[in-house]
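Undergrad: Handing you a structure now.
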Amino acid sequence: MSILITGANGYIGSRLATKLFNESDESLILWIHASTTNELERKKAGLPDSERVSFAWGELKDHAPFASVDPTDITKIVHGAAVTRFNVEQDLAQQVNVEGTTKALEFARTCPVLDRFSLISTVYASGLKSGPIPEAIPVERPSFGNFYEQSKYEAEQELVVKYDDLPWNIIRVATIIADDDNGKVTQYNVFHNTLKLLYYGLLSVIPGNPKTPIYLVKGDFIAESIFSLLDQEGVYHLCDTKDHSISLGQLIDIAFSNFEASEDFKARRILKPLYSDEESFKILVDGLDSFAGDIINQSVKSIAPFSSQLFIHKEFMNDNMRTACPWYRPADMSTIVRTTCAELVKTKWGRVND
């Protein structure tokens, strides 16, 4: 019996593959996004490699990206292959995140002993909906702040509307800020890039309400949770609830408290950013091309695709996850943000080795 992981060289896929290799007896088929054998060899470096592991590769934009995979003995598919940038272009998001999911689901239907199809999604498939967000398929289509959110919502809809005959679950992941409690960072995203802009004084205005809850998680928690959910059905939010999350204002305060421990930062006398309302920030973004330099222009526009979420008070429920993962305990997110910020400053966002 085998488990197929798509996007196996990505952050979540690689951590899950390692965990399954170390803590189960299952054979693994690791599918990697690659267009040549040389690219495959480069991307599979660091992944488990033994008689229990086989590799496949392809492009989700191809007609049959899983044609080289034998479906006979596959019992589980974890579909994690996706473009995860908030600024992803509409066509690319559609081709990879939506149509690519459809191709994975079509392949799943050819697997005679399949007992679970796990779709790795995001809590931001909820779009711009505010208030309580249950672990369920939404009744109404929300509006979206970017094409990434929209494409992940539509991928979920493909599964539950057209492929409900499959044994499925949907695993929605919050923003990963560190590998573990020590704040180690091996993949950078919008969270880290925004802190970098603040540290170097390239972002004096930040969109958002300082009271907005921010949902952050560790990579270790995500891998452990998916591992625990492989036999479960339903929808799951991999994040703490609002009561155990921190606000945007708390995040900025913690970050600057850590930054000020750096002599380099103190010497530049950088102030905390001002909070902008949503309309004013949109006017700023729209007008940048005419008066701002390239660096400032790029800095502000790098957070623009995610900016709408910083004004929305969401309350993610995690009852399903807590029931299926009895080992779960809420994280001390303030401490993890502190250790992560300290690590980012120490390594200069990955440019300096320990």
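Undergrad: Among the residues that make up segment 163-172, is at least one of them at pLDDT 95 or above, crowded, with 20+ Cβ neighbours inside 10 Å, of a type in the set (D, E, K, R) and not in a loop (DSSP other than H, G, I, E, B)?
TA: yes
Undergrad: Filter segment 71-90 down to the residues that are touching a helix residue (DSSP H, G or I) at 6+ places or on another chain (Cβ under 9 Å) and among the β-branched types (Val, Ile, Thr), then identify the one that is nearest to residue 166 (Cα to Cα).
TA: Going residue by residue through segment 71-90, those that are touching a helix residue (DSSP H, G or I) at 6+ places or on another chain (Cβ under 9 Å) are 71, 74, 77-90.
Next cut, among the β-branched types (Val, Ile, Thr) only: 74, 77-78, 83-84, 88.
Working: 74: 13, 77: 11, 78: 13, 83: 24, 84: 25, 88: 29 Å.
That would be 77.
Undergrad: Also: Which residues, taken from segment 193-227, are among the aromatic types (Phe, Trp, Tyr) and either surrounded by fewer than 21 Cβ atoms within 10 Å (Cβ to Cβ) or not in a loop (DSSP other than H, G, I, E, B) (or both)?
TA: Going residue by residue through segment 193-227, those that are among the aromatic types (Phe, Trp, Tyr) are 199-200, 215, 221, 227.
Of everything in segment 193-227, those that are among the aromatic types (Phe, Trp, Tyr) and either surrounded by fewer than 21 Cβ atoms within 10 Å (Cβ to Cβ) or not in a loop (DSSP other than H, G, I, E, B) (or both) turn out to be 199, 200, 221, 227.
Undergrad: If I go through segment 228-275 residue by residue, how many of them are closer than 13 Å to residue 321 by Cβ, hydrophobic (A, V, I, L, M, F, W, C) and outside any loop (DSSP other than H, G, I, E, B)?
TA: Selection size over segment 228-275: 3.
Undergrad: Restricting attention to segment 104-113, which residues are surrounded by fewer than 20 Cβ atoms within 10 Å (Cβ to Cβ) and either touching a helix residue (DSSP H, G or I) at 6+ places or on another chain (Cβ under 6 Å) or in a helix (DSSP H, G or I) (or both)? Break it down into steps so the answer makes sense when it comes.
TA: Residues of segment 104-113 surrounded by fewer than 20 Cβ atoms within 10 Å (Cβ to Cβ): 106, 109-110, 112-113.
The one that is surrounded by fewer than 20 Cβ atoms within 10 Å (Cβ to Cβ) and either touching a helix residue (DSSP H, G or I) at 6+ places or on another chain (Cβ under 6 Å) or in a helix (DSSP H, G or I) (or both): 106.
Undergrad: In segment 20-51, which residues are charged (D, E, K, R) and under 19 Å from residue 117 (Cβ atoms)?
TA: Of the residues in segment 20-51, the ones charged (D, E, K, R) are 23, 25-26, 39, 41-44, 49, 51.
Listed by number, the list holds a single entry, 26.
Undergrad: Which numbered condition trips up residue 85, out of (1) assigned to a loop (DSSP other than H, G, I, E, B); (2) among the charged types (D, E, K, R); (3) at pLDDT 95 or above?
TA: Checking residue 85 against (1) assigned to a loop (DSSP other than H, G, I, E, B); (2) among the charged types (D, E, K, R); (3) at pLDDT 95 or above, the one that fails is (3).
Undergrad: Could you please find all residues in segment 176-192 being buried (at least 18 other Cβ atoms within 10 Å of the Cβ) and either on the phi > 0 side of the Ramachandran plot or outside any helix (DSSP H, G or I) (or both)?
TA: 176, 177, 178, 179, 183, 185
Undergrad: Would you check which residues across segment 131-162 are acidic (Asp, Glu), open to solvent by less than 30 Å² (accessible area, probe 1.4 Å) and assigned to a loop (DSSP other than H, G, I, E, B) and list them?
TA: Result: 135, single match.
Undergrad: Would you confirm, using the coordinates I've provided, whether residue 21 is touching a Pro at 6+ places or on another chain (Cβ under 7 Å) and among the hydrophobic types (A, V, I, L, M, F, W, C)? Give the steps one after another, and end with the answer.
TA: Values: touching a Pro at 6+ places or on another chain (Cβ under 7 Å): yes; among the hydrophobic types (A, V, I, L, M, F, W, C): yes.
The answer is yes for residue 21.
Undergrad: Separate question: Return the pairs, sorted by first residue and then second, in which the second residue is charged (D, E, K, R), the first residue lies in segment 91-117 and is within 10 Å of residue 166 (Cβ to Cβ), the beta carbons are less than 6 Å apart, and the residues are 6+ apart or on different chains.
TA: What qualifies is 116/76.
Undergrad: Moving to a separate point now. Which numbered condition in (1) at positive phi; (2) open to solvent by less than 90 Å² (accessible area, probe 1.4 Å); (3) not β-branched (Val, Ile, Thr) is the only one that residue 259 fails?
TA: Result: residue 259 fails condition (1) only.
Undergrad: Follow-up question, since we're still on this one. When you scan segment 30-54, how many residues do you find that are open to solvent by 20 Å² or more (accessible area, probe 1.4 Å) and over 22 Å from the mean Cα position of the chain (by Cα)?
TA: 12
Undergrad: Can you tell me how many residues within segment 313-351 are under 26 Å from residue 130 (Cβ atoms), in a helix (DSSP H, G or I) and among the polar types (S, T, N, Q)?
TA: Result for segment 313-351: 3.
Undergrad: Here's a follow-up. Assuming residue 234 fulfils every condition listed in (1) small (Gly, Ala, Ser); (2) under 16 Å from residue 121 (Cα atoms); (3) touching a Leu at 6+ places or on another chain (Cβ under 6 Å) apart from one, which condition is it?
TA: That leaves (3) as the condition not met.
The values are calculated or read from the model by the stated rules, or taken from the named source; none is laboratory data. Just so it is clear, the structure is predicted and the values come from calculations on it, not from any experiment. No Cβ is skipped: glycine too gets one built from the backbone with ideal geometry, and neighbour counts run over all protein chains shown. With ligands, DNA and RNA removed, areas are computed over all heavy atoms of the protein, side chains included. Shrake-Rupley method; radii C 1.70, N 1.55, O 1.52, S 1.80 Å.
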